[in-house]
Amino acid sequence: MRAVAVTEFGGTPQLMDLPKPSPAAGEVLVRLVAASFNPFDRAVFDGFLRDLPHSFPLVIGFDGAGMVEEIGEQVDRFRPGDAVYGSFAHVPLGRGTLAEYIAIPENTLIDHVPDGISLKEAAAAPGAGMAAVGLLEETRIEARETVLIVGASGGVGGFAVQLASARGARVFATARPDDAHRLRSLGAVETVDYSTGSLVERVQGLAPDGIDVLLDLVSDPPGFLANVALVRDGGRAASLTYAAQADLLEGERIDALNFSLRLHPRAHDILEALGRALSGRPLDVQIEAELSLEQAAAAVGARGTRGARGKTVVSISPEDL
Ligand SMILES: NC(=O)c1ccc[n+]([C@@H]2O[C@H](COP(=O)([O-])OP(=O)(O)OC[C@H]3O[C@@H](n4cnc5c(N)ncnc54)[C@H](OP(=O)(O)O)[C@@H]3O)[C@@H](O)[C@H]2O)c1
């Protein structure tokens, strides 16, 4: 099968011809139709999780969607022919979604594709959509609250803006000027240009009494701390980049947290909640670009967290999309 993989941590992703896997007991074999990129893909093949077991060649990618082709013994959740999607993350790491096939335990973070969405949308949604759903739940965002989303223009942000605005929150979204219109169309009531001047001063001008909730998807610890100053006493703040440090987590002025999908005890519930949101269609899946598997090898190597305006999807079996 064709797959995008590296042969060592930090290696250059290459399109390889690898053996087609077969499902062991408890596993499903999925013929992948589409996959999508996340910033975490690069971190993993660079060795961010090197303390966990990996297998090489390490096939890159966690998010994807496709059709169950075969099931191993003792599989009860899925049948051949089922359309499935999710975050196909399993230890040892290295069975990735930038491939024509993946064999993976059925209890991995995968589920049936929600009604009414395409396999392309399903492939684009899992990691970013689950992070957004989880952030909204953990910060308990309510109607009429003011929510600042920092990093709103990327994969997670597209979902988070829509979900917060669907709850009736007043969403302030960071956006470069050329992207402000798109974020307003997703539900932001204000956009804040972070590329020049002080983000903090601009938000203070919009909410002199402070914001209720900060969802910070991108900042480092000093940047997060600066943004936290915008939160009113008793408000909430969440970081997606583990930028909330101990003194903030233990302090009493605001309720601060680091959100981790990978370590979340109810990740399967979050995937189910994402499925409900996608099938109800309040959520538009923002697809910025579509690549072939051949193009994916170069792109996943080059892509950092810069410049995303939604999700990049890789079509693996274009005739099925
Ligand atoms: N903890 C978890 O469970 C979890 C789950 C999912 C994602 N994440 C992490 O969350 C982060 C965001 O993920 P993503 O998928 O949304 O990434 P993404 O698609 O690459 O989007 C990041 C966005 O942030 C913008 N940005 C960069 N610096 C900014 C700044 N200082 N202020 C405002 N916006 C800024 C970027 O645009 P410009 O480059 O044009 O500025 C880009 O649009 C990544 O670090 C990812 O690894 C964590």
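Derivation of every value follows stated rules applied to the coordinates shown; laboratory data play no part. Computed from a predicted model, the values in this text were never measured in an experiment. FYI the Cβ positions are ideal-geometry reconstructions off the backbone, even for glycines, and counts take in every protein chain you see.
Average projected area of the Cα convex hull of the stretch 28-81, in nm²? Spell out each step's value before the answer.
Numbers: hull surface 19.4 nm².
Result: a mean projected hull area of 4.9 nm².
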Most mobile listed residue (Gly26, Gly234, Gly127) in the chain, GNM with C-alpha springs under 10 Å: Gly234
Among Leu271, Leu186, Leu49: highest mean-square fluctuation, GNM of the chain, C-alpha pairs under 10 Å: Leu49
Whole-Å semi-axes of the ellipsoid equivalent to the stretch 63-204 (Cα gyration tensor, √5λ, descending): 36, 15, 13
Spin-label pair Glu69/Ala302, simplified geometry with 7 Å Cα→Cβ offset, distance in nm: 3.0 nm
Degrees separating the helix 293-302 axis from the principal Cα axis of the chain, which is the longest one: 40 degrees
Given charges at beta-carbon only (K, R positive; D, E negative), |dipole| of the stretch 171-244 in Debye: 140 debye
Spherically averaged projected area in nm², based on the convex hull that wraps the Cα atoms of the stretch 185-312: 10.5 nm²
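Could you state the per residue volume, in Å³, of the convex hull enclosing the Cα atoms of the stretch 132-225? Please list the in-between numbers first.
Numbers: hull volume 8.6 nm³, N = 94.
It comes to 92 Å³ per residue, whole-number rounded.
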Size descriptor, Kirkwood hydrodynamic radius, that averages inverse alpha-carbon separations across the chain, Å: 20.0 Å
19 Å reach of a label modelled at Arg140, 7 Å along Cα-to-Cβ, counting backbone N of the stretch 201-243: 211-216, 231-239
Counting DSSP beta bridges with both ends in the chain, the antiparallel % (nearest 5): 55 percent
Extended-chain gain in nm, criterion 0.36 nm per residue less alpha-carbon gap, Leu249 and Thr7: 83.2 nm
Acute angle (nearest 10 degrees) that the helix 267-279 long axis makes with the longest principal axis of the chain, alpha-carbon atoms: 80 degrees
Size of electric dipole in the chain: Cβ of Lys, Arg +1 and of Asp, Glu -1, about Cα centre, debye, nearest 20: 480 debye
